[in-house]
Structure formats: C-alpha cells, structure tokens
Amino acid sequence: MTVRFQADADLNQAIVTGVLRRESKIDFQTAFAAGLEGMRDPEVLAIAAQQGRILVSHDRKTMPSEFAEFVVSHHSAGIIIVSRKVPIEVVIEELLLIWGASSSEEWVDRIAKIPL
C-alpha cells in the first residue's frame with residue numbers, strides 16, 4: 001500500500017507545499033485539514049493511526065516518548081521526526097524518497113528521523 005503522510009501542527013507548511021509541488025500524487029494531509037491545531041500528542045497520534053497516515057513532525061522533545069507510549073496499546077502508521085536544522089529541500093527529497101521507495105506496511109509502529 002502507498003505511503004500517506006499527515007503533517008503535525010508544528011510542521012513547516014513549506015515542506016508540505018514543496019512535496020506536493022514535486023509530486024501531486026502524494027497524499028499529504030495538512031494539520032489544518034485534519035483539525036489538529038491545539039490537540040495533544042496522543043490525540044494527534046490516534047488520528048494519524050486511524051487514517052493510516054505517517055505523522056511528520058518537528059517535535060523532537062515530546063513526540064518520540066508519546067509515540068513509544070502509544071504503540072504499547074495501539075498500532076501506528078509510523079512517525080517521522082524532522083529536524084528544523086535540515087534544509088527544507090533535503091526534507092522534501094527524503095519524504096519523496098520514502099514515498100517512492102517504501103510501502104506503508106514498512107512503517108507500521110516505526111519511528112524515524114530526517115535526515116535519514
């Protein structure tokens with residue numbers, strides 16, 4: 001199955017826009033479209049999991065531990081933590097690579113960081 005992404009509320013919107021400009025076939029839902037603004041991490045993880053979307057977030061402080069706690073009792077489509085220090089162009093390239101070279105099944109209950 002094809003990888004689908006969910007932007008966390010903290011993710012730089014330029015990343016979503018850049019990915020979709022490069023490949024319009026990618027299913028990359030914005031935080032606004034999902035109604036994530038103001039939600040706590042467990043709720044965000046639950047919504048992404050219910051929709052089978054890999055969560056893409058800048059939150060390196062709380063999201064990894066929240067994810068670890070979440071996958072104890074639930075399945076997740078996965079999460080990608082993006083460093084704010086990485087140039088946007090690099091993040092876009094790596095997300096395109098993930099979309100093009102992997103399947104959603106490979107990401108179940110997995111956490112990764114960009115840069116890979």
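Bear in mind that the values in this text are calculations on the coordinates, not laboratory data. Please read all numbers here as calculations on a predicted model, not as lab measurements. Cβ atoms come from the backbone with ideal geometry, glycine included; neighbour counts cover every protein chain shown.
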Q: Only one of the values [x] 0.95; [y] 1.31; [z] 1.05 was calculated from this structure for Cα Rg over 2.2 N^0.38 Å; name its label.
A: [x]
Q. What FRET efficiency, computed as 1/(1 + (r/R0)^6) with R0 = 30 Å and r the Cβ-Cβ distance, is obtained for L116 and F32, rounded to the nearest 0.05?
A. 0.65
**Q.** Cut-off 13 Å between beta-carbons: net charge of the residues surrounding R84, Lys and Arg +1, Asp and Glu -1
**A.** +1
Q: Grab the beta carbon distance between R21 and R84, set R0 = 25 Å, and tell me the FRET efficiency rounded to 0.05.
A: 0.75
Q | Cα centroid separation, the range 1-36 to the range 48-116 (Å) | A | 12
Q: Quick one: which residues, 5 or more positions from R4 or on another chain, have an amide H under 5 Å from its amide H? H modelled 1.01 Å from N in the peptide plane, none for Pro or chain starts.
A: I54
(Q) Explain nothing, just the number: relative contact order of the chain, from Cα pairs under 8 Å at least 6 residues apart, as a whole percent. (A) 32
Q. With each label point set 7 Å from Cα along the Cα-Cβ vector, what nm distance links R40 and A68?
A. 1.9
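What does the charge count near T2 come to, summing +1 for each Lys or Arg and -1 for each Asp or Glu among other residues with Cβ under 15 Å from its Cβ?
-1
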(Q) Tell me the net charge near A68. Cut-off is 15 Å between Cβ atoms, A68 excluded, with +1 for each Lys or Arg and -1 for each Asp or Glu. (A) -1
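Only helical DSSP H runs with n ≥ 4 go in: add -39500 (n - 2.57) per run for the chain, normalise by residue count and round the 222 nm mean residue ellipticity to 500 deg cm²/dmol.
Taking each H run of at least 4 residues, the total per residue is -12500 deg cm²/dmol.
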